[in-house]
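> Structure below; questions to follow.
The values are calculated or read from the model by the stated rules, or taken from the named source; none is laboratory data. All values reported here derive from a predicted model rather than from experimental measurement. Backbone-built Cβ (ideal geometry, glycine too); neighbour counts: all protein chains shown. Surface accessibility is based on the protein's heavy atoms, side chains included, excluding ligands, DNA and RNA. Shrake-Rupley method; radii C 1.70, N 1.55, O 1.52, S 1.80 Å.
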Amino acid sequence: MADDPFATAPQEVIRYFREKRLLETFDWRDIPSQEHAFSFTVAKSMEHDILEDIRAAALDAVVNRTPYDQFAARLTPTLQAKGWWGRRIQTDPRDGVPKVVQLGSPRRLRTIYWANTPTAHAAGEWERTERNKRFLPFLLYTLSRAERRRPEHEGWVGIILPVDDPWWDTHYPPNGWGCQCGVRQISEREARRLGWTDGMEGPQVIMRPWRNKRSGETVMVPLGIDPGWATNPGKARARNAAEFLHGKIAELSENRRRIAIADIVASPALKALAEGRMPAGFALPVAQLPTAAVEAFDARTATVHLSADSVAHILHERAERGLTVEDFRAAISVISAPEALLRGDRGAVLVGLAAGKWWRAAVKSTADGREWWLVSFHRKSEKAARDMIERARKAGKLME
């Protein structure tokens, strides 16, 4: 049983972790620290099924707030049965040299647990922090729950700074392996009562050199923070979505585009759009089309947008009754992973199951192929959906 008063983690936490892609790597130092906000990786887990097993166990720990002992007890037999345990010889892809490496062990599982569960919860907390900062504009650094506390971290206890202060870019906990420090979001009134005053700045950040023995590169790391931990994963994800929204799509990898859209669809902006509270002309990127659709229409993008005008059409002109924001999100999810992809008269029709309901979503491309727009979606019975797919198959309009 989880050691937390809440049965499961908040949706922000779960989404943060679930959207990460699997990234195989030989050594943790081969991955840029910022990439951990977008990818799930475990050093030496070069076999994809091993990485998936570890990810599934970590996801369960994140979602259900599973304590470490239970996490390890469930995962250890699986890894041992597949031979990912103890010391083995693996070839380092960087230099092609076989090396004796440590695979699974109680110590490694503890590292995996603490590298993922607190980070996911911290990222989810940051999303709520950003949402609430109008009313609670400050963060207070709180005492670690760990038995052994780093002196530097103890020295940060009681620091009060605005949510937007750059100090939180590097010092938002966790700040190292096993770090159990925390923050509490507070009002301006409480901040002043605890000693904050106008113009107060954060503590001076003292940097120290750290040499990455894998790459040979030397980087500067804040004193008191472990290498690779001077990040704010929740803020990195928010910045990623913001860059996507502001048109910097070409600068993002395919994985970061996918995550940006998932974070945007889960945001309050989509809720406001789905409820008809956005002005005419407003639009959001909401999905990525399957490759088959992009290629079939010779389109230049896979990104699908939803406009306030289309929402008004869906809600009113088509008289779709009782649609909620969750219905919008379900229909949108069908676009990226449909059961079937049909060729329509001027676009693509996607049919699929989401949140226990069948949906038909229609998207259309602009003449130059530079934009896709979600123009309508409808709930369908399973029979109606399958009949639609079968008719398309017979008519030769089903895209594989």
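> Cut-off 10 angstrom, C-alpha nodes, Gaussian network model of the chain. Which of Pro118, Pro98, Pro67 fluctuates the most?
Pro98
> How do Val100, Val157 rank by accessible surface area computed with a 1.4 Å probe, from largest to smallest?
Of Val100, Val157, the descending order of accessible area is Val100, Val157.
> Let me ask you something else. Using a simple charge model, +1 on the beta-carbon of Lys and Arg, -1 on the beta-carbon of Asp and Glu, nothing else, what dipole does segment 275-400 show about its Cα centre, in debye to the nearest 20?
360
> To check you understand DSSP bridge types, tell me what percent of the beta bridges within the chain (both residues inside) are antiparallel, rounded to 5.
The antiparallel fraction comes to roughly 90 percent.
> Here's something else I'd like to know. Quick one: 3J(HN,Hα) in Hz for segment 66-75, Karplus 6.51/-1.76/1.60 with θ = phi - 60°, rounded, Gly and Pro as x.
5, x, 4, 4, 6, 4, 5, 5, 6, 7
> Restricting to Cα atoms and excluding each atom paired with itself, what does the Kirkwood estimate give for segment 220-347 in Å?
It works out to 16.6 Å.
> Roughly how many whole Å is it from the C-alpha centroid of segment 138-188 to that of segment 304-382?
43
> From largest accessible area down, sort Glu127, Glu339; use a 1.4 Å probe on the protein chains.
The residues order as Glu339, Glu127, largest area first.
> Counting pairwise Cα distances across segment 267-331, what percent come out greater than 19 angstrom?
38
> Same structure again: What Kirkwood hydrodynamic radius, in Å, does segment 1-156 give when the mean of 1/r is taken over all pairs of distinct Cα atoms and then inverted?
For segment 1-156, inverting the mean 1/r across all distinct Cα pairs yields 17.3 Å.
> Apply the Karplus parameterisation 6.51 cos²θ - 1.76 cosθ + 1.60, with θ equal to phi minus 60°, to every residue of segment 271-281 and state each ³J(HN,Hα) to the nearest whole Hz, in sequence, with x for glycine and proline.
With coefficients 6.51, -1.76 and 1.60, one gets 4, 5, 5, 5, 8, x, 9, 9, x, 4, x Hz.
> Rounded if a/c is under 1.5, else prolate if a/b is larger than b/c, else oblate: which is segment 122-207, with a ≥ b ≥ c the root eigenvalues of its Cα gyration tensor?
prolate
> Can you tell me the accessible area per residue over segment 282-371, all protein chains present, probe 1.4 angstrom, in square angstrom?
46
> Springs between alpha-carbon pairs under 10 angstrom, Gaussian network model over the chain: which of Ala56, Ala81, Ala287 fluctuates most?
Ala81
> Would you tell me the accessible area of Asp27, worked out with a 1.4 angstrom probe on the heavy atoms of the protein chains, in Å² to the nearest 10?
The value for Asp27 is about 10 Å².
> Provide, as a two-decimal number, the C-alpha radius of gyration of the chain over 2.2 N^0.38 Å, N being how many residues it has.
Against the compact-globule rule of thumb, the ratio is 1.11.
> Quick one: Karplus J couplings for segment 384-399, per residue in order, coefficients 6.51, -1.76, 1.60, θ = phi - 60°, nearest Hz, x for Gly and Pro?
For segment 384-399, the Karplus curve yields 5, 5, 6, 5, 4, 5, 5, 5, 5, 4, 5, 8, x, 9, 8, 8 Hz.
> Any idea what % of Cα-Cα pairs in segment 192-272 are farther than 21 Å?
Here the long-distance tail beyond 21 Å is 58 percent of all Cα pairs in segment 192-272.
> In addition: Less than 26 Å apart at the alpha-carbon level, and either on another chain or at least 8 residues along: which lysines does that give for Lys44?
Correct list for Lys44: Lys20, Lys82, Lys99, Lys213.
> To the nearest 10 degrees, how steep is helix 106-132 against the longest Cα principal axis of the chain, on a 0 to 90 scale?
That works out to roughly 60 degrees.
> Here is a further query. Mind pulling the per residue volume of the convex hull built on the Cα atoms of segment 106-265? Å³ is fine.
Once divided by residue count, the hull of segment 106-265 is 153 Å³.
> With a 1.4 Å probe and all protein chains left in place, how much accessible area per residue does segment 1-128 have, in Å²?
Counting only protein heavy atoms, the per-residue value for segment 1-128 is 48 Å².
> Calculate what fraction, in whole %, of the accessible area of the chain sits on carbon and sulfur atoms when a 1.4 Å probe is rolled over the protein chains.
C and S atoms contribute 51 percent here.
> If the only charges are +1 at each Lys and Arg Cβ and -1 at each Asp and Glu Cβ, what is the size of the charge dipole of segment 195-299 around the Cα centre, to the nearest 20 debye?
Dipole about the Cα centre, nearest 20: 320 debye.
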